[in-house]
Amino acid sequence: MPYPLDVPAAESSDPVWSEANLREHILLEQTWRRPPGIYGWLTATNHKDIGLRFIVTAFIVFLMAGVLAFIMRLQLAVPENTLVGPDLYNELFTVHGTAMMFLFAVPVMEGMGLYLVPLMVGTRNVSFPRLLNYSYYIYLGSVLLLFVGFFLNVGPDVGWFAYTPLSGPEYSSGKRVDLWSQVVTLAEISSLAGAVEIVTTVFKQRAPGMSLNRIPLFVWSQLVTAFMIIFAMPAVMLCSNMLSTDRLAHINTQFYNPAEGGDPLLWQHLFWFFAHPEVYIIFIPATGFISTIVETFAGRRAFGYTLLVLSMVATSFIGFGVWVHHMFATPLPQLGQGLFTASSLMITIPNGIQFFCWIATMWGGRLKLTLPFAWVLSFFLIFTIGGLTGVMLASMSIDQQVHDTYFVVAHLHYVLIGGAIFPLFGAFYYWFPKWTGRMLGAKLGWVNLALMFIGFNLTFFPMHTLGLLGMPRRIYTYFRESGWAERNFAATVGAGVLGLSVLMFLVNVLISRRSGLLAGSNPWGASTLEWATSSPPPSYNFLHPPMVRSGHPLWFDPPDTPVVTGLALEHREVLVTTTHDAKPHHRYHMASEAWETVALAVVTIVMIVSVVFHSLAIPVGLPLILLVLAIWFWPTKETKPLKDPNRLRTVPATVPMIPDPA
Amino acid sequence: MAIKQRKLELGVLVASLALVTSCKREDRPFQTSAPSAEAIQFTRMTDFRAGGPSISGNQPSPAMSADETPEEKEFEENAYMVGEGKRLFSAFNCVGCHAHGGGGMGPALIDDQWIYGHEPAQIFCTIIEGRPNGMPSFGGKIPSFQVWQLASYVRSLGGLVPGDAAPGRDDDMHGGPPENSAPNQKPNDSSLPKSAEMPK
Amino acid sequence: MIAAATARWATLADNDFGVTSGEWVRGTKSVLDPAGPQSGRIHQLFLDYFWLSVVVYVLVVLFVIFAVILRRRRARWTGPILAEPAPSREKLRGWLVGLATLATTIALFFLLAGDHAAGRAIRSLSTDNALKIRVTGHQWWWEFRFEDEAPSKIFTTANEIHIPVGRTIEVELHSPDVIHSFWVPNLHGKRDMIPGHPTRIAFRADKASEYWGQCAEFCGYEHAKMRFRVVAEPEEKFNAWKAAQLQSSVQPATDSQKKGQYVFLHTTCVMCHTIQGTTAGAMMGPDLTHLASRKTIAAGSLPNKRGHLAGWISNPQTIKPGVRMPANSLPPDQLQALLDYLEILK
């Protein structure tokens, strides 16, 4: 029997405590909060801290890469422009692509997952908190390496895809490509660590009763994405490191040298084996956002939960079997390419199923047209175009005409911006109250959405035609008589509007942080567990970790659903449950902050950056890493597991899961 | 917390902006300003000339004009220029006599023996003027800009160019360690070629 | 900046090359303007995919928009959330989702079959009596060698080819340096030229016209300006062109032309370029034997006019920064003589 949740906005964000709970709250807060001062800030392990750091850093990367794109558009606004020469232009589009794909899109999705998944599954932190801290610094290192490199004129200039032999030792002089390769290495280490966190947390730390078929759709999307990361990222680490060894002094391998038995096509296979799943790594979390937002604002559970989950899984599987569609113009055997046309067309089916389920949810519910929902509606209008041009590109024959033209640029931006960024902004508007306790401004929000919608379409729609008119990609200028000038000019104007809309978002964030409407714990009336605690959540997430009896606990679970008590208050402890049915299994003593994580991150970054210049960095750096690892993992008394089955019990809730409104 | 984060990162960015001009290795100095139209003056040291007699003829002159000696450091520490030198070394058939540095009809370039000097300006003169016993004079045939590129590459063959600017391996059949893996050598300017030795 | 851009925008219709549009380019370089069987087939397939996509898009958008219009929560929401949706309606929705999925799958099969058929048709162009051309992509220009069984009938040219209308052309694609891509949108899809992977495609032009080709794989600094012209003309005109190309270079007649040839052979030009019939035989740069017969220079970047040629020779880096050809400082009288000579190389 669902109980009313449309609570009016709270007058204050602070929850109301009874005396017993207050004592628990104080003890828990002391145990779980970050140590004070700069030490605590550096060694932070709380998933909310680090998740927000990922999101904020990724957003800064988004801004910087967006500025680079705007400069590119300024150069292309008129034919034969001399604003930017070919060398700088090559660096611009390479750094734009590398930053957006490796350093913004994946980390921001991971950041959202790291913040929200532990809350949604009802636990206190991710499984490996210190690994989390380490992974953030690695990510920061890769961001700094790329952008500092770019400002020092050693930014990569061979495209984010860095095809050999252009990126090989003979045709790319200097250290630019080596730097790119290590940026990729650092970014992948960070993403892999995040993926491991998500998988373990979702499988082992769910609230009791949250069996697999009660896991929220957002959590499923993060889980599927994490597995994709684990299987895809090693391919690009491998091929970029092989390129490094081809280029580095004293190693001089021949992986991509056809004269010595290597093959430039090897690069393409390995790279695209990673890079196609990469775009699904970016897109599937966005489908998680959409499922969540559609559910909440349609006021009903999503139609076809099983179908939606299986579609995400199917997309991820098939996504590993379509990479050759990026290579349709190469002289690969036609029969093989035909198979990839089939698989690339096939991947439309699970995607389509997701669409149909969402539309069915909307038709079967009562829609509340809020801002987050409006962003999701924009997704429907924009991503569908991208998906359909994707179907065209899946055809080997059509692709042979439009491959490597602005048609592909239009397609990729329609699916990435329409399919990932619009839902991401919707997710920002949706979860900002949870992160900060305040709502984002609605008026500014609608202007933000309108400007972004108009700006985006004005920028990228003309590019479809440009591609069909023969305009190739990655050109720093074009000729006056080509007939491409008007559409390029329109695209530049659109880029300006797009930039303006992002600025509007920033302004909205800055204003709302100080003076937005107070949010309370569940301003949207949503159903998942993160809304069962205060906004922002306390460091320990839930006073008493919840138990769930349905997939929409805040909607369908009775108010007297038990909660978990008995977890230790003086040290960090979480409940570990079984994978399938989430039955309580044991209590796990979670690690607290340690300086070793920062030290290891520093050593790793120094080693990887030095590899750009000299291969000796590896034999010198690895022992250091092993040393720090040994210190980190040296067994201490603290880490022995506690198993005391008598202490652990569940009791009927003494407070409702969310505090009463004041 | 998030704001502090942003300030820290902005600070780093600003600091690095200040270092914008510091990485000479990675410049791509395309010669977009026109070079002077006057042919450089030089003394031809041999009758061997690439491609036949030059138009500029023989103008005796003791030294090169000042603006023809650009900062050698700029070229040498510039990976693009050394890489271009490598491309030209094959294209202009230096490999015909010097192989890929191992020598043949011409002396080896990967050793530490420099008959006519190892300084960039000296190598420049060797290429422009030619040398006795078979080194053709390329003056008037290869523009000075490219001769400087060749000179930096020749120095990299002899291990005199910093490792991170020297080129890596070719996309060709493997001949020997590439220039960036060659050991740095101390040049020895005082050897006489075998052909110049008095017969015993 | 804005003023400059608007000024440029205002003059977009004219160009300052001193030639009319008609001479500079004829026909739009476009996928949507096919002039041969393969590009025609792809165009047809594209239209099929396109119209199906339009239908799908309209359907999706209509469903979404109508959901918002019809199922919107109008009153201020004060009551409880919807309980479990009505089972019969859920079942109906289930059937509809299933139907939509089935329709999608069937449509995709049709698309796959269409692509498969188009692919087979494109690849099955008869190569009887094909004209064979060996294309080598360089950074950043095109080398074309017209093959023939008789070695004396083989000739090399650069950046511009003529082909007979209605006859199959078989191009063999090579690259000695980085990956390029051979693409003439009006005639055929693109094919990458990968070092170590020589490949061939066959196409045919069915309309007499001039077509642009462009490198379509990022290959370095001047990828943007690596174009080539394909002139499709009737068989007789093609044979005349071919006969002229097979000739050795025109010998200089006037004093100025003789001086120009002398300049060519005794300064930097001879180190990289070939002119048949002279001692210039280097293969680093394009073959200039019939330079004056081409409409453009610098891989389609400039019209082949005296002023542009002068600028290109003096400093190609101002036109194509990063290009392999160096700046050449020639005294003015030598430059003029050289231009006089180059102009006779038809």
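The values are calculated or read from the model by the stated rules, or taken from the named source; none is laboratory data. No experiment lies behind these values; they were computed from the predicted model shown. Don't worry about glycine lacking a Cβ; one is built from the backbone with ideal geometry, like all the others, and counts go over all protein chains shown. Side chains included, ligands, DNA and RNA excluded: accessible areas come from the protein's heavy atoms. Shrake-Rupley method; radii C 1.70, N 1.55, O 1.52, S 1.80 Å.
Table for the structure above
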item: Qualifying positions in the stretch C:115-157 - under 30 Å from A:Ser344 (Cβ atoms) and within 19 Å of the chain's Cα centre (by Cα); result: C:Ile122, C:Val135, C:Gly137
item: Single unsatisfied condition, A:Asp581 versus (1) surrounded by fewer than 22 Cβ atoms within 10 Å (Cβ to Cβ); (2) closer than 23 Å to A:Leu114 by Cβ; result: (2)
item: Within the stretch C:112-129, tally of residues that are touching a residue at least 24 places away in the same chain (Cβ under 8 Å) and buried (at least 18 other Cβ atoms within 10 Å of the Cβ); result: 5
item: Scope the stretch A:149-166; condition at pLDDT 95 or above and hydroxyl-bearing (Ser, Thr, Tyr); matching residues; result: A:Tyr163
item: Selection status of C:Val263, surrounded by 21 or more Cβ atoms within 10 Å (Cβ to Cβ) and touching a residue at least 60 places away in the same chain (Cβ under 8 Å); result: yes
item: Subset tally (residues that are facing chain C (nearest Cβ under 9 Å) and surrounded by fewer than 24 Cβ atoms within 10 Å (Cβ to Cβ)) for the stretch A:358-372; result: 7
item: Within the stretch C:192-256, strands (runs of 3 or more DSSP E) holding 3 or more residues that are within 9 Å of chain A (Cβ to nearest Cβ) and touching a Phe, Trp or Tyr at 6+ places or on another chain (Cβ under 9 Å); result: C:209-215
item: Boolean, A:Ala314 is at pLDDT below 95 and surrounded by fewer than 23 Cβ atoms within 10 Å (Cβ to Cβ); result: no
item: Residues of the stretch A:559-611 satisfying the condition of being touching a residue at least 24 places away in the same chain (Cβ under 8 Å), of a type in the set (A, V, I, L, M) and within 29 Å of A:Leu179 (Cβ to Cβ); result: A:Val598, A:Ala599, A:Leu600, A:Ala601, A:Val602, A:Val603, A:Ile605, A:Ile608, A:Val609, A:Val611
item: Helices (runs of 4 or more DSSP H) within the stretch A:25-122 that include 3 or more residues touching a residue at least 12 places away in the same chain (Cβ under 8 Å) and aromatic (Phe, Trp, Tyr); result: A:47-76
item: Helices (runs of 4 or more DSSP H) within the stretch A:240-355 that include 2 or more residues among the polar types (S, T, N, Q) and over 22 Å from the mean Cα position of the chain (by Cα); result: A:334-346
item: When residues of the stretch A:37-68 are limited to those that are of a type in the set (Val, Ile, Thr) and touching a Leu at 6+ places or on another chain (Cβ under 7 Å), the one nearest to the other protein chains (Cβ to nearest Cβ); result: A:Thr57
item: Selection status of A:Gly386, part of a helix (DSSP H, G or I), open to solvent by less than 20 Å² (accessible area, probe 1.4 Å) and touching a residue at least 60 places away in the same chain (Cβ under 8 Å); result: no
item: Some residue of the stretch A:94-114 being surrounded by fewer than 21 Cβ atoms within 10 Å (Cβ to Cβ), of a type in the set (A, V, I, L, M, F, W, C), under 30 Å from A:Val548 (Cβ atoms) and at pLDDT 95 or above; result: no
item: Exclusive hit being in contact with a helix residue (DSSP H, G or I) (Cβ under 6 Å, 6 or more places away or on another chain) and within 29 Å of A:Gln254 (Cβ to Cβ), set A:Val184, A:Val224; result: A:Val184
item: Evaluation of A:Val391 against (1) among the β-branched types (Val, Ile, Thr); (2) more than 9 Å from every other protein chain (Cβ to nearest Cβ); (3) free of Cβ contacts under 8 Å to residues at least 60 places away in the same chain (one fails), failing number; result: (2)
item: Considering residues of the stretch C:316-332 that are farther than 15 Å from A:Pro86 by Cβ and out of contact with any helix residue (DSSP H, G or I) (no Cβ under 9 Å at 6 or more places or on another chain) only, the residue farthest from the other protein chains (Cβ to nearest Cβ); result: C:Pro332
item: Within the stretch A:25-48, considering residues that are in contact with a helix residue (DSSP H, G or I) (Cβ under 7 Å, 6 or more places away or on another chain) and not polar (S, T, N, Q), the one modelled with the lowest pLDDT; result: A:Arg34
item: Failed condition for A:Gly365, given (1) more than 23 Å from A:Met471 (Cα to Cα); (2) assigned to a helix (DSSP H, G or I); (3) in contact (Cβ under 8 Å) with a residue 12 or more places away in the chain; (4) touching a Gly at 6+ places or on another chain (Cβ under 9 Å); result: (2)
item: Matching option when the condition is open to solvent by 30 Å² or more (accessible area, probe 1.4 Å) and hydrophobic (A, V, I, L, M, F, W, C), among A:Leu518, A:Leu529; result: A:Leu518
item: Qualifying residue in the stretch A:193-206 (condition: farther than 21 Å from A:Met590 by Cα and either more than 14 Å from every other protein chain (Cβ to nearest Cβ) or open to solvent by 20 Å² or more (accessible area, probe 1.4 Å) (or both)); result: no
item: Residue satisfying all of: in the stretch A:120-170; of a type in the set (Phe, Trp, Tyr), closer than 30 Å to C:Glu222 by Cβ and more than 12 Å from chain B (Cβ to nearest Cβ); most open to solvent (accessible area, probe 1.4 Å) among these; result: A:Trp160
item: Residue under evaluation A:Ser127, criteria (1) more than 27 Å from A:Glu188 (Cβ to Cβ); (2) not in a helix (DSSP H, G or I), criterion not met; result: (1)
item: Failed criterion for A:Tyr414 (all others in (1) closer than 23 Å to A:Tyr430 by Cβ; (2) facing chain C (nearest Cβ under 9 Å) hold); result: (2)
item: Test: residue in the stretch A:466-487 that is open to solvent by 10 Å² or more (accessible area, probe 1.4 Å) and under 24 Å from the mean Cα position of the chain (by Cα); result: no
item: The stretch A:448-485 - residue that is outside any loop (DSSP other than H, G, I, E, B) and farther than 25 Å from A:Val415 by Cβ and, of those, farthest from the other protein chains (Cβ to nearest Cβ); result: A:Ser482
item: Among the residues listed as C:His197, C:His174, C:His223, C:His188, the single one being open to solvent by less than 10 Å² (accessible area, probe 1.4 Å) and not hydrophobic (A, V, I, L, M, F, W, C); result: C:His223
